[in-house]
Amino acid sequence: MKNFEYAQPTTEDEAVALLTEPKKDTAVLAGGTDLVGLMKRMVVTADRVVNISEIKSLQQVERDDNGSVWIGAAVCLGDFLDNRHTDQYPSTKQVIQGISSIQLQSQGTLVGELLRRPNCWYFREGHGLLADSGRMVNEGDNRYHAILGNRGPARFVNASRLAPSLITLGAQVRIIGPEKDEEQILELADLYRTPAADSELENVLQPGQFVTHVIIPTHGDRLTAAYEVRQGEGPDQPLAAAAVSIDVVAGTVQNASIVLGQVAPTPWIAREAAQLLCGKEVTEESAAMVGHQAVSGAMPLSQNEYKIQLAQVAVKRAVLKAAGYDTGGLDTPMPLEPTVSPSLETHIA
Amino acid sequence: MAEVTYNWPENHKARLIGKRVSRLDGMEKSTGAAKYTYDINLPKQLVVRALGCPHAHCRVISVDASATEKVPGVVLVHLIKAPKPGDEPVEIRADGTLLVAVAAETEAIAAEGVSKLKVKYELLESFVADHDLQAAEAKKRTKKAGGGIELDEAIGEPGDDDDEEEWEEQKVQQLFAQSKYVVEGNYGIDTITHCCLEPHGSTLHWDGDRLKVNHSTQNVSRTDDGYADALKISADEVDVHCEYIGGGFGSKFKPDYWGIAAAEIAKQTGRPIKFLLTRDQELKIGGNRPSGFIDVKLGADENGVVQVWDSHHWGTSGFNGSTVSVGNFPYVFRPKNWRRRATGIITDNEPSVAWRAPNHPQACAITQTAYDDLAAKMQADSLDIFLRNLENIDSPEKSLVYAEQLRIGADLIDWRKHWHLHGKGKRRGSVVEGLGIGIHKWGGTANSSNCLLKIHPDGGVESYCGTQDLGTGTRTICAMVLAETLGLPIEAVKVNIGSSTYPFSGASGGSTTVGAVSESHRRAAQEVLAQLFDLVAKRLEVPAEKLEASNGNISVVGYSDKSMSWKQACSLIGIQPLEVTSIYKRGDDSPLSSSNVAGCQMARVAVDTDTGVVKIIKMVAVQDMGLVMNRKTAESQIYGALIMSIAAALFEQRINDPKTGAFINSELDSYRLPRLGDTGELVVHFHEPENERARGVIGLGEPPAISGGAAIANAVCNATGVRVPTLPLTPKRVLDALRTAKG
């Protein structure tokens, strides 16, 4: 780790000022569960680290007049889980429960999770996000890399596990800086981008800017779910993931939003798949069809073709789960005794 | 004093031995009070960080440390594996090899100093494709690693005019032609690392000409000579201490070259030095277990008894290019006819070191899978095939033991209820279930061990032994043996271990420690007690052989009124403590310990055929171990071994970049390991037939860590009807195998 200055502002204005001092490479610290590791590996070598977790306005989970819930950047995952305002977002809670590490839940923040740097081993070994314009990934070990959105030089997958569910919920982020009093509200989906050059990040934040809040609108009667294909029960990065939000009226899907995770350099919005689901009943067949559609543009690298199937299954299971059905995988309680499954239709009341 | 007959107390008389005793240091460990090497900080110490080579294969041309030396707080730059100015370049053969050490006032400064080193490398072609024999041959990266052939006597010998190899080939082919069933398969298991939670290293200082080392080691008594040899001093000038160690698994027997560097830096700077590896260095160079891949053909008779085995295996132990030892193929089983060949692959990786039961887990996983594929081919019950093949095993005297253990294991996992033919089980959605078996063997002979036991005239008891507690409960066993023998509560004895200044005790490798310390401590305690009995006998005017020590008293058997308290008895010693040093040498014939165990493990798994994810439902371990010393720690030893087996079977894998050779998952966020939720239900059964106790103590460290991988691999095959050839059975590999099988 390189020596650095440490600052602990107590207001948003102070934080912006500290982050924008000319000629200083700065980093924002909240929970530190990602940043500290990257600093130890010298992938991040900031001159100044600004800890925003003492800023009172960032420590709250609050509901505004429209019913939207504002999650401050210092709010940890565990606090989100425990908060009564967030009960309406089961898909997000499902993912946090899947981040099965008490330490990460207690120390890691929700905003920090959304901005977790990619897990790509070439990036974390210091070869940069694009790792020699994608060549290292192409010629190297790319078993966990992108199957979608990978035609440019970026081959990593976005690391956030919460972004897919929050995007399906229509979440936004509040960003402040780099100028004093500068503030913008951005769709969460627009926070992310696929870098095309070494100078670009996997998000649109400029130096001196930081996310202060995530704003999640009230969900109405939509059914939501997230499904992650995880190799084990630990906090390791899932192999593929999907989140779904659907409006079901009289057994038919009216509106749908489907976002995949761990498959592309950004959370991957599957618009055509979502469109395909509209007007249909949720059945094993329609869910499978939507899963198939979601990966129709996938282009595997040398070692990750298997992820196409995993992404497809993740979408199918997220759709089934949102509609309240058994996903059919290992989540079904064991021991596995033969049972006669009632037909799906009988569940749709 | 009459000659002491060494023995163990009878079962009904034992108060501690064979019972469940909690670790004496459990509280210290769980509260953080226990000081591991990593926790030790010495006054005025410097902290060392080293630059690991970022390339798998290169020459280091030069090092420019001028920027490093300017970092405030950097005290010394020390070349480890790098050329001095004007010297020839140094060839490096493994990612992570330590090149240059920087000693500084703090760890952060040392790390910053390392980041400022400018090193010139000449990159060389690397090779890491250990699974790819053809590629290795093309790159001239192979080495012969032994082999041989044995044919049944009835087949005869080649004639004088026969070409021996041709004759053998002909006979082998004839045997296959006569076989009712022939199975051909390929299997593999990747390299894994030791992944010690406490990295390798030391905190040390020079006291005049004397080197005092706190070293994370499995070899307290004999790490001193490693330091002494390298530093050209005498072993009596080196003291090594290790009270607690955070994992070794066979990788911590030596000072290692970074330990020597620490001692040299300490000498040069005149300051104490703390030098432990970083996490990625720990994974890269702290230790790894060789890989193994195999092509097998076996032929069996109509009963499924294998009559001929023909195999060629390969794998890598790093740049020294050996592979899993050929002597154990096929593992435990030994058909009457076999031919086997091994090829080592030279890869640009750190050389492997011993890993719990060296060679056995790999041999088991890549050969007993072929026996299971025979069951699949025959559409037979795997358990029956394993049982029938017990007629041809390498230790025929153990066949009844295995048969009984398999019967017990089958009961515990409810084999008959859950068994189905391979790939023919019920499906629920995309999930299928299966059962699998592995069997194993191990020696476990007691290592040499000496123990100094002191009985003070005030009744105090203390022992000194240069052994080490790897976390498995050695310290507790020492105390149990002394307390049992002397008839005292366990708290009444003070056990001292973990220092090379204490009497010698062998390294903890090969499951040799419990036997070693049981030998030395029982012997010392029985001898000291005999001396004490002589004194008490005189005072009570009874024959010494009528005395017994129990409940804190020394009393006459059958006359409870004739007794003395332990304290009163000790007051007879006089003014100097009674001291005995016992000496046990490995291999000495002894009624207290022996060797050779068998064991079987069974797994029941569920596989999601849509995602390739494998989940352990239940694992059963049946294990004999002679006299069980501490039922609780023995059990936990087996639980740990099962978890390690699950780790290697489903998760762990060193991943080298195919182009650069870099070890790219050398951090715990990318080196996958199972968590508690991944282990399923674990059942441990001690196989203790009537005569088992009489065998004395046998080591338990390695055997339960062997056959779990084979059991899991076989269970996945039974569930899916498809062999996933190489461990770990990751979702990618399971899906790839299912897809290939579909065609």
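The values are calculated or read from the model by the stated rules, or taken from the named source; none is laboratory data. As the structure is a prediction and not an experimental result, all values here were calculated from the model. In this analysis, Cβ positions are derived from the backbone assuming ideal geometry, glycine residues included, and neighbour counts consider all displayed protein chains. Just the protein is used for accessible areas: all its heavy atoms, side chains included, with ligands, DNA and RNA removed. Shrake-Rupley method; radii C 1.70, N 1.55, O 1.52, S 1.80 Å.
Numerical summary
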{"read-out": "FRET efficiency, 1/(1 + (r/R0)^6) with R0 51 Å, evaluated for A:Glu285 and B:Ser66 via beta carbons", "value": "0.15"}
{"read-out": "Low-density loop cleavage sites - trypsin sites (Lys or Arg not before Pro) in the stretch A:1-62, where at most 13 other Cβ are within 10 Å (DSSP)", "value": "A:Lys23"}
{"read-out": "FRET E, pair B:Glu541, B:Met27, Förster distance 45 Å, beta-carbon r, rounded to 0.05", "value": "0.50"}
{"read-out": "For the stretch B:337-356 and the stretch B:37-105, distance of Cα centres in Å", "value": "31"}
{"read-out": "Accessible surface of B:Trp206 - all protein chains present, 1.4 Å probe, nearest 10 Å²", "value": "50"}
{"read-out": "The stretch A:223-322 - percent relative contact order, Cα under 8 Å, separation 6 or more", "value": "31"}
{"read-out": "Relative packing of B:239-249, A:253-263, which averages over residues the other C-beta atoms within 10 Å, highest first", "value": "A:253-263, B:239-249"}
{"read-out": "Sequence of B:Glu3, A:Glu12, B:Glu491, A:Glu179 when ordered by accessible area, the most exposed leading, probe 1.4 angstrom", "value": "B:Glu3, B:Glu491, A:Glu179, A:Glu12"}
{"read-out": "Exercise: per-residue mean of other protein chain Cβ atoms within 10 Å, A:320-330", "value": "3"}
{"read-out": "Whole-percent carbon and sulfur share, accessible surface of the stretch A:223-322, 1.4 Å", "value": "47"}
{"read-out": "HN-Hα J in Hz across the stretch B:178-192 - Karplus 6.51, -1.76, 1.60, θ = phi - 60°, x for Gly and Pro", "value": "7, 6, 6, 10, 10, 10, 10, x, 10, 9, x, 8, 7, 5, 10"}
{"read-out": "222 nm mean residue ellipticity, helices alone, for chain A (DSSP H n ≥ 4; -39,500 (n - 2.57); rounded to 500)", "value": "-6500 deg cm²/dmol"}
{"read-out": "Rounded, prolate or oblate (a/c below 1.5 giving rounded, otherwise prolate when a/b exceeds b/c) for the stretch A:56-216 by Cα gyration tensor", "value": "prolate"}
{"read-out": "Extension gain, B:Gln568 back to B:His12 (0.36 nm per residue minus Cα-Cα distance, nm)", "value": "197.4 nm"}
{"read-out": "Spin-label model distance (nm) - B:Leu42 vs B:Leu123, 7 Å beyond Cα toward Cβ", "value": "4.1"}
{"read-out": "Qualifying trypsin sites (Lys or Arg not before Pro) in the stretch B:121-220, DSSP loop, other Cβ atoms within 10 Å at most 10", "value": "B:Lys140"}
{"read-out": "Most to least accessible of A:Met289, B:Met644 (protein chains only, probe 1.4 Å)", "value": "A:Met289, B:Met644"}
{"read-out": "For the stretch A:94-129, residues shielded by at least 50 square angstrom of accessible area compared with the chain on its own, probe 1.4 Å", "value": "A:Trp121, A:Glu125"}
{"read-out": "Dipole magnitude of the stretch A:56-216 about its Cα centre (Cβ charges: Lys, Arg +1; Asp, Glu -1), debye to nearest 20", "value": "460"}
{"read-out": "Residues with amide H under 5 Å from that of B:His57, placed H, sequence gap 5 or more", "value": "B:Leu124"}
{"read-out": "Label-point gap, in nm, between B:Ala230 and A:Glu187 - each point 7 angstrom along Cα→Cβ", "value": "6.0"}
{"read-out": "From phi via Karplus (6.51, -1.76, 1.60), per-residue ³J(HN,Hα) for the stretch B:256-266 in Hz, x at Gly/Pro", "value": "6, 5, 6, x, 5, 4, 4, 5, 5, 5, 4"}
{"read-out": "Rounded FRET efficiency, nearest 0.05, which uses the C-beta distance separating A:Asn3 from A:Ser68 and R0 of 51 Å", "value": "0.80"}
{"read-out": "Heavy atoms of B:Val63: accessible area, 1.4 Å probe, square angstrom to 10", "value": "40"}
{"read-out": "About the Cα centre, charge dipole magnitude for the protein assembly as shown (Lys/Arg +1, Asp/Glu -1 at Cβ), debye", "value": "840"}
{"read-out": "Mean Cα-pair separation over length for the stretch A:56-216, i.e. relative contact order, pairs under 8 Å, 6 or more apart, %", "value": "23"}
{"read-out": "Percent antiparallel among DSSP beta bridges (both partners in chain B, rounded to 5)", "value": "75"}
{"read-out": "GluC sites (Glu not before Pro) within the stretch B:113-163, DSSP loop, no more than 12 other Cβ atoms inside 10 Å", "value": "B:Glu125"}
{"read-out": "Inter-probe distance in nm under a simple model that places probes 7 Å from Cα toward Cβ, at B:Ile575 and B:Thr269", "value": "4.9"}
{"read-out": "Cβ-based net charge around A:Val16, under 14 Å, with every Lys or Arg adding one and every Asp or Glu removing one", "value": "-4"}
{"read-out": "Normalised contact order of chain B, rounded percent, pairs of Cα under 8 Å and 6 or more residues apart", "value": "16"}
{"read-out": "Accessible area, probe 1.4 Å, largest first, for residues B:Arg15, B:Arg20, B:Arg733, B:Arg522", "value": "B:Arg20, B:Arg15, B:Arg733, B:Arg522"}
{"read-out": "Heavy atoms of B:Trp566 accessible to a 1.4 Å probe, total area in Å² rounded to 10", "value": "20"}
{"read-out": "Area buried, chain A against chain B - accessible surface, total, 1.4 angstrom probe, square angstrom", "value": "3900"}
{"read-out": "Estimated 222 nm signal from helices in chain B, with DSSP H stretches of n ≥ 4 weighted -39500 (n - 2.57), rounded to 500", "value": "-8000 deg cm²/dmol"}
{"read-out": "Accessible area per residue, Å², the stretch A:223-322 with all protein chains present, probe 1.4 Å", "value": "33"}
{"read-out": "The protein assembly as shown: antiparallel DSSP beta bridges as a percent of all, rounded to 5", "value": "80"}
{"read-out": "Whole-percent carbon and sulfur share, accessible surface of chain B, 1.4 Å", "value": "49"}
{"read-out": "Environment charge of A:Ala27, counting only residues whose C-beta is closer than 14 Å and scoring Lys/Arg +1, Asp/Glu -1", "value": "+2"}
